[in-house]
Each structure stands twice: as C-alpha cells, then as structure tokens.
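Working notes, structure below.
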C-alpha cells in the first residue's frame, strides 16, 4: 500500500539531513504508527509521502502509484490530515466539505452519505452550517478529518489525528481506523501519545535524527522482557543506535 525506498531530504543546501536514506513498507490491512522525537524527520517524511515536499533522493509508491510520476493518482489514493489546522476559514463547514468532495470527484449520492455519516459521528451536524472561523480547535480537527476521509481512500495519512479531539470523538476515530483496515485498507499515523500507539498499532516504526532505528510489532521491538512502548522509545532515541529490527 505504501512503499518508501532510499528516501532522503536535506535543507540548507544539503547541510541539514532531515531524512536520511530511509526505507519502509506499510502493508494493506494494518495500522502503522510512525513515532519519533520532535525534529526527527516525521513531518518531513509525511510531507514527501503526500507530495507537499519534493523528494531529493529515493521513491515513494502509494497504492502502486509513484508520487512523483503519477502524483494525481497517488494523491487520490490517500486521505491526509496534517498536524496543523490550516483550513479555509471563510467557508462554512458544509461548503468546505463539498469543495473537497468536488476536488476528489465524489459522486453526489456518496458524498451526501459520507458527509452525513462523519458529521453525525463527530457531533458536527449543526456546526456544519457555521463558518469555520467560528470553530474551536477540536471542531476544526473534526471537519478536516471528515474532509480527508470523504473520498474513501485506501490509505489514510494521519499526522497527530487525536489532537484536539474529545474522548468520544477520539474513540470513534480509532474504531473507524480499525474498520478501515479490516477491509484491507491501511492507516499510517504519527502520534506523540505512546499509549495510543501501543494499543492501536499493528506495527510501529521509530525515526530519530532522520534515520529509521526500529520497525516491527510491539513484541518484536521488545525482543525480551515486558517493556512498554514508552521505555523502548526512550531507550532507542536516547541511544540513537542503528537498525533495531
């Protein structure tokens, strides 16, 4: 579903290596957690996956489409929720959702059903008629999530998706993630909440200083003993060691 091969990205004319020759394969039917400290390269990687940033070296394939060679097909195969809440605030919620549905060519019947489903799920039906600039932080997150999932993409790219969500909405989103993957689809998400990743993910990848230092199930990352994901994460990122799994 998502294949990253020998991916690199530098800033400051090559002086800063934000992502350093990483390779990763995320399989159909799994929730994959992408973890790392601040500045580790998570958001840079996600922005290259989604086509926001150009790739310096390497390739990214989404649902069989190269993000550089077939960007439109690759982008139509994914739904992206960024870690910011930059959204068209002058639009009403329903106007924003219909705009996104137009961009992704979602048929009228399907868009109506999906918009109603997610607005109901997130408790946003009444707010949808209000301008987005009047929304709280959490309401903006809900409308962005709804827009990202409207075209029913096989791959969800979620960067800190629980930020700002109330406990009920966060629970319902987790259920949606499980149901999405049960159909053979894929979720790739980043989070700083390690307890969420520990309970939710089928596999986990940890990036530090631009390099992938661990990939595997929680049991594979433990190797021995009954360590929590928090202790594994802290140990690996403090050591900054090479490949762990």
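Results, tabulated for the structure shown:
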quantity	calculated
Answer from 5, 10 - the residue that is closer than 18 Å to residue 215 by Cβ, part of a strand (DSSP E or B) and either in contact with a helix residue (DSSP H, G or I) (Cβ under 6 Å, 6 or more places away or on another chain) or assigned by TED's automatic domain parsing to the domain that holds residue 197 (or both)	5
Subset tally (residues that are more than 16 Å from the chain's Cα centre (by Cα), free of Cβ contacts under 8 Å to residues at least 60 places away in the same chain and buried (at least 18 other Cβ atoms within 10 Å of the Cβ)) for segment 155-214	3
Of all residues in segment 54-82 being in contact with a helix residue (DSSP H, G or I) (Cβ under 8 Å, 6 or more places away or on another chain), part of a loop (DSSP other than H, G, I, E, B) and in the same structural domain as residue 29 (by TED's automatic domain parsing), the one that is surrounded by the most Cβ atoms within 10 Å (Cβ to Cβ)	67
Condition met for residue 226 (modelled with pLDDT under 90 and more than 30 Å from residue 6 (Cβ to Cβ))	yes
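The values are calculated or read from the model by the stated rules, or taken from the named source; none is laboratory data. Bear in mind the structure is a predicted one, so any value in this text is a computation, not a measurement. With ideal geometry, Cβ positions are generated from the backbone for all residues, glycine too; neighbour counts draw on all protein chains shown.
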